[in-house]
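Visitor: Would you mind keeping the following structure in view while I ask a few things?
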Amino acid sequence: MNIQPTVSSPEANPETGWFPISIRLSGARVLLVGGGEIAVNKGRLLLDHGARIDILAEDLHPVVQGWIDEGRAYHVGGRADDTALRSYLPGCRLVYAATDNRDINRRVASLADELNIPVCAVDDPQPSSFITPAQVRRGMVRVAVSTGGAAPVLARRLREQIETLLPDGTGRLAAYMQSRRALVSGRYPAVQDRKRIWESFLDGPGAEAARAGDESRSDVFLGALLDADRKPGEVWLVGAGPGDPDLLTLKALHLMQNADSVLYDNLLSPALLDMVRRDAELVFVGKQRNRHALPQEEINREMVRRAQAGERVLRLKGGDPFIFGRGGEEIEALVEAGVSFRLVPGISAANGCAAYSGIPLTHRDCAQACLFVTGHAKADGVLDLPWDDMADRRQTVVIYMGISTLPQLAAGLLAKGLPIDWPVAIVERGTQPTQRVLTGTLSSIAQQAAEAQVKSPALVIVGQVVRHRVISP
Ligand code: SAH
């Protein structure tokens, strides 16, 4: 194994410089420098994974001595000086510098690095070329949590949380699936088909039986799946919310992790796309005013084509699919083509922006209703809106897609008799880390938005509720 030393050092990109891999240790030689408490911890882990440990240490903890006496580890030398290290490093798959002396650990790290041998200086990520993640184990299933050495305590906390999530029988389930792999690939040589079988298996009662150790019952369910005809494709029309991934519904998340392909909008934040299954095909079909990536009819055709080819197509939309999301048109096209579909609502921009900016949408004192309108102008530039309804003072008006037409919108409302100091807020990139909130009045807001260079996506909230804005102390 050859790991380039520091071509792209962790320091160069502290967030992404640590690449998690699973390395085979069974039968491999690992050099453990140090023989005290720290070495005991690491040594245990290494022995658990079948490594052949060479120990370089002067003083040996009784546990370490025990391993040596039992022939599970070899005491190759005492002092970890350069000469000793140079003779024991070559041929090691990994090195742990696990003494309680940081200088010695760093010297070990630097010599190992010269030889391109992956080295971990315990509790000292800086000179290390690998670090040991916290692990959750269920048989052959391993979930590793790493914070890139930034916050080991956090990693351990997360591990505890994951511990509670992974059922006990997960290891048995993995072992069962491994033992039936050849059978399934024999019947279904195409990768896509195999995946589908296994996913249906995991969603069904067969998986529960395997967790419980009842393999013959699992076989019944797996057999039924193998004999069934190829499942037809399907379209899932899913609202992904306004941007914060924590606002996804559990159902949306589940479908995002099971889709074969994902047709997504430009409203989708990268943080959301990150949660889609890695090997799903991502297809950008986003629309932006005057910059159509794909016309609506083509999006419809693409969904139908893929579903008819057997894919589970996820049509992922910003916010809620049925609020200014053309969800209606898309399902009409699916119905026409006889493609089955599922619909999952999402948190719309109005809800997300209201909550994350502290502006209620209704209020007992001043807003008994809430109106959602689009500020999107028709091709001829005309805003075709229910102006009289919008000028009602006892309500909140939420305007989607209203940034480019903001001057016309404000002028229109003033012309209908709303006062010049009538409150308005703009929430730009609501619920996202870069959210901005601007507050002003009907007479000032267009100018403010221009000065602040507000860009889409942004939501305009008009009404007295803006005065009731609350920010957490
Ligand atoms: N279906 C979506 C709306 C699509 S229309 C929903 O339910 O939210 C696109 C408009 O939604 C944008 O022009 C903007 O006005 C609004 N929008 C969407 N996401 C937003 C966000 N994170 N912050 C502010 N406005 C947003």
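Visitor: Nearest 10 degrees is fine. How inclined is helix 37-48 to the longest principal axis of the chain, computing both from alpha carbons?
Guide: Result, in degrees: 90.
Visitor: What FRET efficiency comes out for the pair Arg72/Gln192, r = Cβ-Cβ distance, R0 = 41 Å, nearest 0.05?
Guide: 0.35
Visitor: I've got another one for you. Compute the length gained on full extension between Leu165 and Leu282: take 0.36 nm times their separation in residues and subtract their Cα-Cα distance, giving the result in nm to one decimal.
Guide: Separation in residues times 0.36 nm, less the Cα-Cα distance, equals 39.3 nm.
Visitor: Let me ask you something else. Residues of the stretch 407-423 with amide nitrogen under 12 Å from the 7 Å Cα-to-Cβ point of Leu383?
Guide: Those under the cut-off are 407-416.
Visitor: So, R0 is 22 Å and r is the distance between the beta-carbons of Val141 and Asp274; what FRET efficiency does that work out to, to 0.05?
Guide: 0.50
Visitor: Now for a separate question. Starting from the amide H of Cys370, placed 1.01 Å from N in the peptide plane, find each other amide H under 5 Å away whose residue is 5 or more places distant or on another chain.
Guide: Here the answer is Thr396, since their amide H atoms fall under 5 Å of that of Cys370.
Visitor: Counting pairs of Cα atoms in the stretch 124-251, how many percent are more than 24 Å apart?
Guide: That tail contains 51 percent of the Cα-Cα pairs.
Visitor: State the Cα centre-to-centre distance between the stretch 319-386 and the stretch 65-87 in whole Å.
Guide: So the two Cα centres are separated by 68 Å.
Visitor: Can I ask one more? Please give me the summed charge of the neighbours of Gln65: other residues whose Cβ is under 13 Å from its Cβ, Lys and Arg +1, Asp and Glu -1.
Guide: That works out to -3.
Visitor: Now for a separate question. State to the nearest 20 debye the size of the charge dipole of the chain about its Cα centre, where the only charges are +1 on K and R beta carbons and -1 on D and E beta carbons.
Guide: 340 debye
Visitor: Using Cβ counts within 10 Å as a stand-in for footprinting exposure, how do Phe284, Phe201, Phe19 rank, fewest first?
Guide: Ascending number of Cβ neighbours within 10 Å: Phe19, Phe284, Phe201.
Visitor: Now for a different question. Which residues does the label zone of Thr362 cover in the stretch 379-406, counting backbone N under 13 Å from a point 7 Å along Cα→Cβ?
Guide: 395-396
Visitor: For the chain, what is the convex hull volume of the alpha-carbon atoms per residue, in Å³?
Guide: It comes to 208 Å³ per residue, whole-number rounded.
Visitor: Angle, helix 296-308 long axis vs. longest principal axis of the chain, Cα atoms, 0 to 90°, nearest 10?
Guide: 40 degrees
Visitor: In what sequence do Thr431, Thr396, Thr439 fall when counting other Cβ within 10 Å, fewest first?
Guide: Sorted ascending by nearby Cβ count, the order is Thr439, Thr431, Thr396.
Visitor: Using amide H atoms built in the peptide plane, which far-off residues or other-chain residues are under 5 Å from Arg72 H to H?
Guide: none
Visitor: Then there's this: Putting +1 on Lys and Arg Cβ atoms and -1 on Asp and Glu Cβ atoms, find which of Val462, Ser357, Phe201 reaches farthest to the positive end of the dipole of the chain.
Guide: My answer, from the dipole projection, is Phe201.
Visitor: Set the Förster radius R0 to 25 Å, insert the Cβ-Cβ distance between Asp421 and Glu451 as r into 1/(1 + (r/R0)^6), and round the FRET efficiency to 0.05.
Guide: E between Asp421 and Glu451, to the nearest 0.05, is 0.85.
Visitor: To test your reading of the geometry: what angle, between 0 and 90 degrees and rounded to tens, separates the Cα axis of helix 406-415 from the longest principal axis of the chain?
Guide: Once rounded, one gets 30 degrees.
Values quoted throughout were computed directly from the atomic coordinates according to the rules given, and no laboratory measurement underlies them. None of the values given here were measured: they were computed from a predicted structure. In this analysis, Cβ positions are derived from the backbone assuming ideal geometry, glycine residues included, and neighbour counts consider all displayed protein chains.
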